[in-house]
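The values are calculated or read from the model by the stated rules, or taken from the named source; none is laboratory data. Being a predicted model, the structure only gives us computed values, none of them experimental. Cβ placement follows ideal geometry from the backbone for every residue including glycine, while neighbour counts extend to all protein chains displayed.
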Amino acid sequence: METSSSSEGRRDKVSKGHPRAVCSLARLVNFNKPDLVFLIDTKLRNDEWEYVKTKVKLPNALTVDARGRKGGLSLLWSRECEVEIKSFSIHHIEAIITKRGSNPWRLVGFYGHHETGKRKYSWNLMR
């Protein structure tokens, strides 16, 4: 955790996610150089993503907040992609992806309900 001063002079904690996980993700992205990354169960809020985006060098993102410390989704992409978000919820992100010089394609990143008995509701999203 790192702290930063607010305009009122008090110290606020700024989360950077789990440092080891963020470093591992950054190494994977740096080595493989994907244009797009979909992450599930991130356990992060939108305000915690700026640090992660900087570390992985993917400047664009749509994030869906975790509820408490459960869930959370993120779609991160490079400047090489144009991403049109069609819909999203706590269980999915749907987008049309266009990379320069390529035909558009549809991405549906899906994360089912964590409670087994409620997964049928998650699957209804796919219909």
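Give me a count of the residues in segment 89-127 that are of a type in the set (Gly, Ala, Ser) and either touching a residue at least 24 places away in the same chain (Cβ under 8 Å) or under 18 Å from ALA61 (Cβ atoms) (or both).
4
Collect the residues in segment 89-115 that are among the small types (Gly, Ala, Ser) and modelled with pLDDT of 95 or more, keeping them in residue-number order.
If we filter segment 89-115 for residues that are among the small types (Gly, Ala, Ser), which is where we start, we get 89, 95, 101-102, 109, 112.
The answer is ALA95, and nothing else.
For segment 37-89, which residues satisfy the criterion of being among the hydroxyl-bearing types (Ser, Thr, Tyr) and closer than 26 Å to GLU115 by Cα?
Answer for segment 37-89, where residues must be among the hydroxyl-bearing types (Ser, Thr, Tyr) and closer than 26 Å to GLU115 by Cα: THR42, THR63, SER74, SER87, SER89.
Restricting to segment 79-107, and then to whatever is closer than 17 Å to THR42 by Cα and out of contact with any helix residue (DSSP H, G or I) (no Cβ under 6 Å at 6 or more places or on another chain), can you tell me which residue is surrounded by the fewest Cβ atoms within 10 Å (Cβ to Cβ)?
SER89
May I ask you to verify whether ARG127 is surrounded by fewer than 16 Cβ atoms within 10 Å (Cβ to Cβ), at pLDDT 95 or above and out of contact with any Gly (no Cβ under 8 Å at 6 or more places or on another chain)?
Criteria not met by ARG127.
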